[in-house]
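Encoded as structure tokens, the structure appears first; notes follow it.
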Amino acid sequence: MEPLRSYLAGRWQRPEGPGTPLHDAATGQEVARISTAGLDPAAALTHGRETAGPELRELTFHQRAALLKALASHLREHRQELYALSARTGATKGDSKFDVDGGIGVLFSYSSKGRRELPDDTVHVDGGTEPLGKQGTFLGQHVATPLRGVAVQINAFNFPVWGPLEKLAPAFVAGMPTLIKPAPQTAYLTHRLVELIVESGILPQGSVQLLCGDPGDLLDHLTEQDTLSFTGSAATARRLRSHDNVVRSCVRFNAEADSLNCSILGPDATPDSEEFELFVRQLVTETTVKAGQKCTAVRRAFVPAELADEVTEAVRRRLAGIRVGNPASPEVDMGALADLEQREEVRRSLKSLLESCRLVHGDPNTPFELVDADYEQGAFVPPMLLRCDDPELPQPHEVEAFGPVTTVMPYRDAEHAVELARRGSGSLVGSVVSADPEFVRTVVTGAASQHGRMLVLNRHDSAESTGHGSPLPQLVHGGPGRAGGGEEMAGIRGVLHHMQRTAVQADPDTLTALTRQWMPGSARNTTAVHPFRKYLEQLRVGDSVVGGPRTITREDVRRFAEFTGDEFYAHTDERAAAENPFFEGLVAHGYLVVSFAAGLFVSPEPGPVLANYGLENLRFLTPTYPGDEITVTLTAKRITPRHNADYGEVRWDADVTNQDGESVAKYDVLTLVAKEHQEEG
Ligand code: NDP
């Protein structure tokens, strides 16, 4: 069998020599071989930086996001093929869906977020404008631009599809090409994934490269413009983090390592409560999905001392019903570990755990009943349940058996539960299974600083809960300390990890030109044509209209109060209003000001403006009294065409001032504006 090819510098390259065999997790048969002998990882980095990087940076966030969606759809069509190969890694159909569908889901999610939350531009405007001078001629604005390197990812064996895709998606949206180095055990599945990506031709050449096998001197060639994202053991994370060149070049490094995640059953649970059932069910799921080879799996199950026996027995009974065997068989609930070495690793870890725990269920050292599989050939272990009655002992908080292993431990009260949760020294995720809000608050506030994510599970959210073990693209995946100290995904935050944030200090006009977003104090363009009469293509940032003045009368305020029913005393009772510390008598409603302002700036006849879909950042700054004159200035602030739609979004800056030139209200008006010409294709 030839070793797997790597996809480097624009072509598939076969390594020299025979390579190291990789085995089917369930049958032990050789599936593939792996090697990087004779390959040149440094050339791949150069290719990424010089070929793909510039091309990707030419595209806007929206264009990149659209490509990601096309890729997700393409991969979805090839799911069956990926599932079949995934079975050879020991994964059941359910496990494979978790990996394959989960990964494709991340692409869809980043595509959608990229289009909704980032501009159709190449520069991201990060946060608000900071006025740096009294005259308003000197502003500060943070902007983010893509790093000009390669996003190198070193992955673990347990998620050969999700792992590469969850790292690729944010890097790609940011505008950085990716180099994937899969873990050897399951590299043949990642290899097929990359073949599908390359064959599709959807992404620009060099956006995704693949290095199957030992990375050689790859890390020696990283620069300050590259990123390095790692998933795997804490020991390897330490080695990579302290690698000479990674340290010297300040390479942006992110690690996600295994952690001793916990699940805590609240004291409000009773053996017949929904929370008891949810806790037990979740623990069994977390122990058996991917044969427990999940960095988010529950390793430590804390239960009220008086419920410890009942929980242990309920979990034991369910684990006893789990059918282990050939992952391709529909009768099987749990497949195999990644390889025989991992089985040895689990046995070793179990041995250390048994120094402080007793085994309640499952012995990996003796043959047990398997469905359509051979105990000697495949990396099978049974689900294992441990009980530790003295949770002060160190092993359950320090030793992770990376397999279907979990330990039930008793706790005394909420503070004790927090203390035990924190003993994991940093975890990816913790669950609190309780319907008692006070207990949940104590645990979450007490343990959050040791966790990247916390799930509260109870009768109110269980129907929709996405589960303890599922990292979501919208939310942080990562955790402090033992969990690696990193953060992945978390929506657009993950994109920004691949960009440099730069504080730009300049005058308003220059900042407007740089960001293509109108900045306060920069020039306005008040032409004869009302901006509401302009189609999206004709509209320019800075196009403005001034409406007013209009005098607000006491009668206006009375009628507005009567019409809307908002008869709050400050608008209707002169004497009471005068006693209010903020007003000097009867004031106009803030909503009256906003409504009248709309009446002043609109151009009412049918035209390109299709709808107003919201207001943002509304602030009432100065009270408006009867007799005041208001004027509104509306300025096109940001123009965002929507791809595959015949309209786009326009954000307008609205500033309502009084006769003294004071701002009485400021806000953004959000509208949908038609394109004059339909997009082709
Ligand atoms: P490793 O940390 O050894 O390997 C993870 C990845 O790092 C692999 O791609 C590996 O590839 C690569 N790697 C290892 N050393 C180097 C190096 N010096 N330079 C560059 N890349 C390197 O984890 P394992 O896969 O061996 O699993 C061991 C344990 O890690 C498990 O038992 C489990 O406890 C934990 N683990 C945690 C995971 C998580 O999601 N956080 C996932 C999987 C495992 P190569 O082997 O080619 O060097």
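Does Gly486 qualify as being farther than 30 Å from Glu274 by Cα and part of a helix (DSSP H, G or I)? Taking the combined requirement at face value, the residue does not satisfy it. Being touching a residue at least 24 places away in the same chain (Cβ under 8 Å), part of a helix (DSSP H, G or I), more than 17 Å from Ala44 (Cα to Cα) and among the hydroxyl-bearing types (Ser, Thr, Tyr) is the requirement here; does Thr190 meet it? Yes, satisfied. So, Leu455, is that one in the same structural domain as Val298 (by the TED database), within 16 Å of the ligand (Cβ to nearest atom) and touching a strand residue (DSSP E or B) at 6+ places or on another chain (Cβ under 6 Å) or not? No: the conditions fail for Leu455.
Kindly establish whether Pro119 is over 29 Å from His23 (Cα atoms), at pLDDT below 95, not assigned by the TED database to the domain that holds Asp339 and not aliphatic (A, V, I, L, M). So Pro119 passes the test. If the condition is being in a loop (DSSP other than H, G, I, E, B) and under 35 Å from the mean Cα position of the chain (by Cα), then region 16-40 contributes Asp24, Ala25, Ala26, Ser35, Thr36, Leu39, Asp40. Scan region 366-385 and tell me whether some residue there is among the small types (Gly, Ala, Ser), under 30 Å from Val31 (Cβ atoms), crowded, with 22+ Cβ neighbours inside 10 Å and within 14 Å of the ligand (Cβ to nearest atom). So far as region 366-385 goes, yes, one or more of its residues are among the small types (Gly, Ala, Ser), under 30 Å from Val31 (Cβ atoms), crowded, with 22+ Cβ neighbours inside 10 Å and within 14 Å of the ligand (Cβ to nearest atom). Here Ala65 passes the criteria (1) in contact with a Leu (Cβ under 9 Å, 6 or more places away or on another chain); (2) over 30 Å from Thr510 (Cβ atoms) except the one numbered (2).
The single condition from (1) surrounded by fewer than 18 Cβ atoms within 10 Å (Cβ to Cβ); (2) touching a residue at least 12 places away in the same chain (Cβ under 8 Å); (3) in contact with a strand residue (DSSP E or B) (Cβ under 6 Å, 6 or more places away or on another chain) that Asp217 fails is (3).
Out of region 218-237, which residues are more than 10 Å from the ligand (Cβ to nearest atom) and either in contact with a helix residue (DSSP H, G or I) (Cβ under 9 Å, 6 or more places away or on another chain) or basic (Lys, Arg) (or both)? Passing the criteria: Asp220, His221, Leu222, Thr223, Gln225, Asp226, Thr227, Ser229.
Every test in (1) more than 16 Å from Val194 (Cβ to Cβ); (2) buried (at least 21 other Cβ atoms within 10 Å of the Cβ); (3) of a type outside the set (Val, Ile, Thr) is passed by Pro3 save one, and that test is (1).
Looking only at residues of region 243-263 that are within 11 Å of the ligand (Cβ to nearest atom) and either part of a loop (DSSP other than H, G, I, E, B) or at pLDDT below 95 (or both), we find that the one that is surrounded by the most Cβ atoms within 10 Å (Cβ to Cβ) is Ser259.
All but one of (1) within 12 Å of the ligand (Cβ to nearest atom); (2) closer than 29 Å to Ala72 by Cβ; (3) over 25 Å from the mean Cα position of the chain (by Cα) hold for Gln205, so report the exception by its number. The single condition Gln205 does not satisfy is (1). Residues in region 574-584: is at least one touching a strand residue (DSSP E or B) at 6+ places or on another chain (Cβ under 6 Å) and hydrophobic (A, V, I, L, M, F, W, C)? No, that holds for no residue. Region 41-91 holds helices (runs of 4 or more DSSP H) entirely within its bounds, and those carrying 2 or more residues that are free of Cβ contacts under 8 Å to residues at least 40 places away in the same chain and surrounded by fewer than 23 Cβ atoms within 10 Å (Cβ to Cβ) map to 41-47, 61-77, 79-87. Quick one: which of Ala169, Ala156 is part of a loop (DSSP other than H, G, I, E, B) and not aromatic (Phe, Trp, Tyr)? None of the others qualify; the one that does is Ala156. Pairs meeting the criteria (first residue in region 291-320 and under 15 Å from Glu398 (Cα atoms), second residue within 16 Å of the ligand (Cβ to nearest atom) and of a type in the set (Phe, Trp, Tyr), beta carbons under 9 Å, at least 6 apart or on different chains) are Cys295/Phe159; Cys295/Phe402; Ala297/Phe402.
The values are calculated or read from the model by the stated rules, or taken from the named source; none is laboratory data. None of these values were measured; they are calculated from a predicted model. Don't worry about glycine lacking a Cβ; one is built from the backbone with ideal geometry, like all the others, and counts go over all protein chains shown.
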